[in-house]
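Take a look at the structure set out below.
The values are calculated or read from the model by the stated rules, or taken from the named source; none is laboratory data. Here the structure is a predicted model, which means the values were calculated and not measured. Cβ placement follows ideal geometry from the backbone for every residue including glycine, while neighbour counts extend to all protein chains displayed. The protein model used for the area step is the full one, side chains on, heavy atoms only, and it has no ligands, DNA or RNA in it. Shrake-Rupley method; radii C 1.70, N 1.55, O 1.52, S 1.80 Å.
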Amino acid sequence: MFLKFLISVEMKALFFQHRLSTLSTVVSIIGDLTGFLPPATHQIPQTIAAADQSTMAVQWLLVCHGLATLLVVVSFLCGQWPIFQGTFVERIHYFITFGAYDYLLRCVGFVCGSRGTDAVLAVEYRCCYRSNPTLQVLYMAILGGTYYLIVKSSFSYIPSYYLGEIHRYTSLLAVGVGVTLFLLTSFLDPGTVKAENVSQYFSAYEYDNIIYTEKECSTCRIPKPARSKHCSICDRCVARFDHHCGWMNNCIGERNTRFFMAFLLWHFLLCVYGTIVIGLILAGRLKEFKVIYIITVYYGVENTFLGLAPHVVQWLLGSYNTQILLMVFLAIVSLLMAGFFGYHAKLCLTNTTTNETFKWQEYINLSRSLSEAKASASTVEGTANGLTHKPPKSKWMSFFRRSPSASLAVETQRNIYDKGAMNNLWEDLQHQKLWVGFNVDRD
């Protein structure tokens, strides 16, 4: 009997100790969630009230920072769209692209005189019109800094409720693949046309006699193959020239287009992967701390998305603001990468380059100008001869006329290099048309 009594007393003590530990855990979690309580500062110590006010200030600061970043990104990328014409978005776009630099030149000229202005213009010429590794260094700094912040702020929570420890290593592997594609695109020869290989590039593409005609490069003094262009920044002719990429400090042309496309696609997936991983880390913290349960049970918040979302977001911003900022940054960059990849994928499927897109637009504008000039000449001639004219078209007909983009689509159907989507894609994946036996040295 005495033994049974001792066992029962010990069991009750253990049970009481367990209840105390559970209660202390709940109290500590509730302490973290004091931001959900109504502002009754007269019932809590002054220090806790000050901490709550500081937390709310940080949260509002983060929200304002995110909205301002989104506004700047949208204004920079989309400020010239017709929908934003005459709005503050268009004005912000002008200020970012032209106005800020103009004000900088004026300020430097006012403070330092003409010498200061000349120095700024010299830096601009060196950075924007000459080959230099500035953006390459900036890319490595952004990539390395972002990965370092993710490691310092989030790797301590891996493994978590939803993630295994393998993500510590897959993330490093993914970043390594991205850097490898960056180096391949940057340092491989894009297809430099020289006197030694110009005859081989001539056999790759024929002239369409619309945007490409037989002529000589005035700088290199060699015949220009079809689809080639002389890059003023690299100072060389590049076969199947697409554009000069400042981030790569290299032209995108015949021999490195596929690596550039892989770079865009991989960095889009890398940013999406990082956003999802950080989101799962935060979801795991919510699960481990039983935040949803405490909010609904102890504070009576309705268990719906609209009811829980403000409280959950407030708790996350107060406790994991670094991770939230990283998620927003990666999400924005992923959208940019998706846009660039989608644009170049469309060019790839139609076997068109960025340079040719601008050439077609110039050709269409010239053709339209010639047509309008001929129409004006006919009108003047008819007026002089006293002929009657057809009445002008109604405004409704003008409103529903074909847009310039539609005209561009019709004209680009005359692209003789378009062999069908699958054949165009296969040509790009095969390193374009020429790769065997070519020298990859860069000038």
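Quick notes on this structure:
- Stretchable slack from L173 to W426, in nm (0.36 nm times residue separation minus alpha-carbon distance): 88.3 nm
- Counted charge near V72, where neighbours are those whose Cβ lies closer than 15 Å (Asp, Glu -1; Lys, Arg +1): 0
- Three principal axis extents describe the C-alpha atoms of the range 90-138; from largest down they are 33, 31, 16 Å.
- Space enclosed by the convex hull of the alpha-carbon atoms of the range 153-238, per residue, Å³: 177 Å³
- Computed over the range 208-259, the alpha-carbon pair-distance distribution with 10 angstrom bins reads 25, 52, 21, 1, each value a whole percent.
- Of K229/K359; K224/K359; K215/K374; K215/K346; K346/K374; K215/K359, pairs whose Cα-Cα distance is over 23 Å: K215/K374; K215/K346; K346/K374
- Given a 1.4 Å probe and the protein chains as shown, I416 ends up with an accessible area of around 60 Å².
- Net lengthening on full extension, D118/S203 (0.36 nm per residue, minus Cα-Cα): 26.0 nm
- Across the range 259-355, the volume of the C-alpha convex hull divided among the residues equals 119 Å³ per residue.
- Relative frequency of Cα-Cα separations exceeding 23 Å in the range 175-316, percent: 57 percent
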